[in-house]
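The values are calculated or read from the model by the stated rules, or taken from the named source; none is laboratory data. Every value quoted in this text rests on a predicted model; they were computed, and no experiment measured them. All Cβ positions, glycine included, derive from the backbone under ideal geometry; neighbour counts span all protein chains shown.
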Amino acid sequence: MPRRTYSPHTLSVAKVLGAQIKIQRKLRHLTLAALAERAGISRSWLQRIEAGDPRSEMGVVFEVAHLAGVELLAAEADIPSIEKRQAERLALLPAAVRPRHIEANNDF
């Protein structure tokens, strides 16, 4: 199976989030083993998350971030309100999309 490639932006964001998790973990005086146990994952998996491995599962990364005290949205964010607005917006969009057909201009 070919190896998945990621954009430089994705790699940078994963590293920043991983570093933020590590900083918060240390500020809370949590060991790798303690946070990993609270999250229900292995110590090595937590090390990969903190290193910014983009292959980590999104739900696990969010759970670890939450347990470490990393705020992924502004503290005052009203999550239910955001979810409602997103659902309303999605309801206005088509259920399926087709790629746009762009006619090639071969006049050289």
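Couple of notes before you dig in:
- Only listed residue being surrounded by fewer than 10 Cβ atoms within 10 Å (Cβ to Cβ) and part of a loop (DSSP other than H, G, I, E, B), chosen from ALA77, ALA91, ALA95: ALA95
- SER81 at pLDDT below 95 and over 18 Å from the mean Cα position of the chain (by Cα): yes
- Region 56-71: number of residues that are out of contact with any helix residue (DSSP H, G or I) (no Cβ under 6 Å at 6 or more places or on another chain) and either among the hydrophobic types (A, V, I, L, M, F, W, C) or exposed (fewer than 10 other Cβ atoms within 10 Å of the Cβ) (or both): 4
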